[in-house]
Every structure is written in C-alpha cells, then in structure tokens.
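Below: one structure, written as structure tokens.
The values are calculated or read from the model by the stated rules, or taken from the named source; none is laboratory data. As the structure is a computational prediction, the values presented were derived from the model and not from experiment. As a convention, Cβ positions derive from the backbone with ideal geometry for all residues, glycine included, and neighbour counts pool all protein chains shown.
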Amino acid sequence: MTKIFSLFILCLLVVACGKKPTPKPYEYFRIDLPKHEYRTVDSLPDIAFQISKYSKISDYTGGDVKGYNIDYPALNGRIHLTYMPLDLDSFIVVTEDSRRLAYKHTIKANSIIENYYENDTTKVYGVLFKISGNAASPVQFFITDSVKNFLRGALYFNNIPNYDSIMPVADYVQEDIERLIESMHWK
C-alpha cells in the first residue's frame, strides 16, 4: 500500500513539475476616487467656472499674469492656471506658446490627443491636450474668447510620472478639467 501511495505521489510530482513557473504581475495601490461633485468659483476678478468639491483654489501673481492653483490634496495633484488679458497682437503668440508647451512632452509621451471646445454662446473656445506616457503633465489646455481673455492650465502630480499607475487619477481629474472648460464664463 505504501509503495502504491509513494508511486502516486511521485507521478504527481513529475506531472506537476512539467510547467514553467510564471511570475506574478506587478500590482498597484487601489485608488478609491470619489463621485464627481462640483462647486462654482466666481470670486476671481476675470473668470468664473466650476471645480471639484474635493479641491482647493488659491492664487498667486507673477508680473502681468494672474495665476491660480487648483489643489487636489487627496490625489497629490495640482492644476496650474495662468490667466492673461489679450490684445490683437498677443492672441497668436499665447496660443502657439501653449501648443508648444504641450508638445514639449513628446520626448516622453506616447501620444498627444487634442480635443477642441467651442461655445459661441459663452464665447469660450479652447483645446485640451491629453498626453499619454510618462510625461510630467498628463493634461494641458487653454481657453480663450479670442478677443480679451486667455486661460492656460496644466495638471501635475507630486510624484514620479508612471503613466500606468497615474492614469486612473489623471482621467478622473481630466473630467474635472472638462467641466471647468464647459462651465467657464468671462466676466
């Protein structure tokens, strides 16, 4: 009886050892993202828009431009906004400068997808750049009324850009940026 049992175990070991071991895939932390909820920010002098209830807005000034930060403390991210008044000569310069800044990420980016926004009622026109890959900024955009106002934004996270792990959070914040663009109105 023990010989049969030993032979059975030996056969099992021979059959079981025929397959090559496969390594486990890399794992990432699970991120529970809250449902999107928004509040209106209309305390800024030139613009008003909606931002996430889970974010904080602060301002900074740098010479002629006005800057605002939309911080996401729980996500360790920030949207840098830069507002500039326009004149006829500066329109082409600032729009092309924004496009150039977005395409500077082509060194690390796998692709850059442009989404265009146009709302004739509110005079809001813009471009959103979704940058995939290990670029420093996964989302950038600019909005203008083509006459007097210009707003540029870029999303950054306070950690090393690893697109696979940051992608769900970047997609979440991109929805908030799209809401910002769609709810934008000039004062």
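Some notes on this structure:
- Against the conditions (1) surrounded by 14 or more Cβ atoms within 10 Å (Cβ to Cβ); (2) free of Cβ contacts under 8 Å to residues at least 60 places away in the same chain; (3) aromatic (Phe, Trp, Tyr), TYR156 satisfies every one except (2).
- Some residue of region 101-112 being closer than 25 Å to ILE31 by Cβ, of a type in the set (Val, Ile, Thr) and touching a residue at least 12 places away in the same chain (Cβ under 8 Å): yes
- Filtered residues of region 36-84 (kept if under 20 Å from the mean Cα position of the chain (by Cα), under 23 Å from ALA102 (Cα atoms) and of a type in the set (S, T, N, Q)): ASN69, ASN76, THR82
- Where PRO85 falls short, out of the listed (1) touching a Lys or Arg at 6+ places or on another chain (Cβ under 7 Å); (2) of a type outside the set (Asp, Glu); (3) modelled with pLDDT of 90 or more: (3)
- The strands (runs of 3 or more DSSP E) located wholly in region 97-172 that include 2 or more residues which are within 23 Å of LYS35 (Cα to Cα) occupy 124-133, 139-144, 149-157.
- Subset of region 173-187 [in a loop (DSSP other than H, G, I, E, B) and over 22 Å from ASP97 (Cβ atoms)]: LYS187
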